[in-house]
Amino acid sequence: MKNLVIGSFMVASLFVASSCQKDNMGNAQYASVLAVSTDGTTSVIEANLKSALITTSDLTDSELASILKMKEEEKLARDVYSVLAQKWGSVVFSNISAAESNHLNAIVLLMTSYGVTDTSIGEVGVFADPVVQALYDELVAKASVSVEEAYKTGALIEEMDIKDLDEVLTTTTNENVTLVFENLLKGSRNHLRAFNLQLTNLGIVYTPTYISQTDYDLIVNSPMEKGKQYRMNGQGNGQGNGNGNGQKGQGNRGTGTCNN
């Protein structure tokens, strides 16, 4: 837990702040919901995410199931990286573990915005689903063999997240789910780039399992991604960096202010 706190502080200290932007009408405020550090560690700015959420129809059973599954995957990533940060003393694992904890908070925020009351996360390394528990135990055991295997495990977890996030984004029509999952996807791609860099520095060529070699190469050979700007409906803090015009349908949203 101490390492997680230290990791959180280090991640926060690396984030680059940028001002909110006004639209052509001079009223509506826009800001990114992502903060990306120079090493690729990517976190969600919760105040901005809360401001960017809009009123939609209720979640479908399928969408709720996907959110619950992703909550478990983000917890899996956080818990594994926390153990590996202590095992190998790696700043990369400390920082990304803190970011995954933040991603978990973003999913909980999405759930509570739809009135989902059971948002419990549970103890580190403990999962209600026996399949996820077995996967956690397997990954920790494998990653404890060597630091090389640890970075491979990090890459494996991130590409698993990429695959599952992509699948949901091809089926959901809910704008809030799309917003959250698109930004988590950018975070996973950035974290994959970070782990690939560590492997490359060790002279290791990683072979992906969950995504194609072509997709993997496209990701790791491209720059770190930054979040696009979303219209703030409430109170955002204006941190983070990025570009873009926000998501579809934003013209009907309310206005708000961002504090820099």
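A few comments on the model shown:
- Odd one out for residue 78 among (1) surrounded by 17 or more Cβ atoms within 10 Å (Cβ to Cβ); (2) basic (Lys, Arg); (3) more than 18 Å from residue 39 (Cα to Cα): (3)
- Members of region 127-154 found to be within 20 Å of the chain's Cα centre (by Cα) and closer than 17 Å to residue 204 by Cβ, listed by number: 150, 151, 152, 153, 154
- Residue within region 49-60 that is open to solvent by 10 Å² or more (accessible area, probe 1.4 Å) and within 26 Å of residue 195 (Cβ to Cβ) present: no
- Count of region 183-208 residues which are without any contact (Cβ under 8 Å) to a residue 60 or more places away in the chain and either hydroxyl-bearing (Ser, Thr, Tyr) or closer than 23 Å to residue 62 by Cα (or both): 5
- Residues satisfying the stated conditions in region 49-78, i.e. of a type in the set (Asp, Glu) and in contact with a Ser or Thr (Cβ under 8 Å, 6 or more places away or on another chain): 63
Here is a yes/no grid of residues against (1) in contact (Cβ under 8 Å) with a residue 60 or more places away in the chain; (2) crowded, with 17+ Cβ neighbours inside 10 Å; (3) in contact with a strand residue (DSSP E or B) (Cβ under 7 Å, 6 or more places away or on another chain):
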| residue | (1), (2), (3) |
| --- | --- |
| 90 | yes, yes, no |
| 118 | no, no, no |
| 126 | no, no, no |
| 143 | yes, yes, no |
| 152 | no, yes, no |
| 155 | no, yes, no |
| 170 | no, no, no |
| 176 | yes, yes, no |
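- Any hit, region 219-240, residues being open to solvent by 40 Å² or more (accessible area, probe 1.4 Å), in a helix (DSSP H, G or I) and either at pLDDT 95 or above or under 25 Å from residue 48 (Cβ atoms) (or both): no
- Every pair of residues 6+ apart whose Cβ atoms lie under 8 Å, when the first sits in region 209-222 and is under 14 Å from residue 196 (Cα atoms) while the second is open to solvent by 40 Å² or more (accessible area, probe 1.4 Å) and assigned to a loop (DSSP other than H, G, I, E, B): 213/207
The values are calculated or read from the model by the stated rules, or taken from the named source; none is laboratory data. Here the structure is a predicted model, which is why all the values come from computation and not from measurement. Reconstructed Cβ throughout: ideal geometry from the backbone, glycine too, with neighbour counts over all protein chains shown. Side chains included, ligands, DNA and RNA excluded: accessible areas come from the protein's heavy atoms. Shrake-Rupley method; radii C 1.70, N 1.55, O 1.52, S 1.80 Å.
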